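Participant: Below you'll find the structure I mean.
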Amino acid sequence: ATAITTTVDGRIYVAGADNTGFAGPALGHTDGFVAELVAATGKTLWLRTLASEHPAWVGGLAVGRDGSVHVATTRTPGEDFE
């Protein structure tokens, strides 16, 4: 995990990178992910993978006032990122 944030209503979001497949089938070299956790238990409420053929690294995470989740990603220099 490289980023974590909470909201005023107690929601917990975590984001990072995975190359083991824990976030689902590996779609690329290193896949970014973002998930919402249940505050009381820490269990995953939902999880999404952000991937391409090239490494995807998550560097930032924010939640808008409207509940929209914003994820900042980067790529390995010199490679195209879809």
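Read-outs throughout are calculated quantities, based only on the coordinates presented, and are distinct from any laboratory measurement. Everything numeric here is computed off the predicted structure, so don't read it as measured data. Cβ atoms come from the backbone with ideal geometry, glycine included; neighbour counts cover every protein chain shown.
Participant: Between Thr74 and Ile4, with labels modelled 7 Å along Cα→Cβ, what's the label distance in nm to one decimal, could you check?
Facilitator: Those two pseudo-labels are separated by 2.2 nm.
Participant: Order of 34-46, 4-16 by packing, highest average Cβ count within 10 Å first?
Facilitator: 4-16, 34-46
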